[in-house]
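The values are calculated or read from the model by the stated rules, or taken from the named source; none is laboratory data. Keep in mind the model is a prediction, meaning the values are calculated, not measured. When we count neighbours, we look across all protein chains shown, and the Cβ atoms used for this are built from the backbone with ideal geometry, even at glycine. Only protein heavy atoms, including side chains, enter the accessible area calculation; ligands, DNA and RNA are left aside. Shrake-Rupley method; radii C 1.70, N 1.55, O 1.52, S 1.80 Å.
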Amino acid sequence: MIYQITEAVARASAPEEIYQAALNGLQRAVKADRSAVVLLDSDRVMRFKTWCGLSENYRRFTEAHSPWLSACHS
């Protein structure tokens, strides 16, 4: 999986391609049918970058909510 993600990073022309490669790799590695790549943006808000098997309702409800405290301080 690490090799495939590294290859995707090297070939990517846009961040979305990397997000999708990470999502695909993680789904295969843990045999998940639902997953997402969620990143902390410049406003320190957790945002979905790509997903599989998650409803729009779920994403809308959970976006910007995180159970983890950010280690990043401005």
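Taking the Cα-to-Cβ direction at residue 59 and at residue 5 and moving 7 Å from each Cα, how far apart do the two end points lie in nm?
Placing both labels 7 Å beyond Cα along the Cβ direction yields 2.1 nm.
Go through the range 32-44 residue by residue and turn each phi into a ³J(HN,Hα) via Karplus (6.51, -1.76, 1.60, θ = phi - 60°); whole Hz please, and just put x for glycine and proline.
8, 9, 9, 6, 7, 10, 10, 10, 7, 8, 5, 8, 6
What relative contact order, as a whole-number percentage, does the chain give when Cα pairs under 8 Å and 6 or more residues apart are counted?
Reported as a whole number, the value is 21 percent.
So, with +1 on the Cβ of K and R and -1 on the Cβ of D and E, and no other charges, what is the size of the charge dipole of the chain about its Cα centre, to the nearest 20 debye?
Here the chain has a charge dipole of around 180 debye.
May I ask you to give the percent of accessible area on the chain that is carbon plus sulfur, with a probe radius of 1.4 Å?
That share works out to 57 percent.
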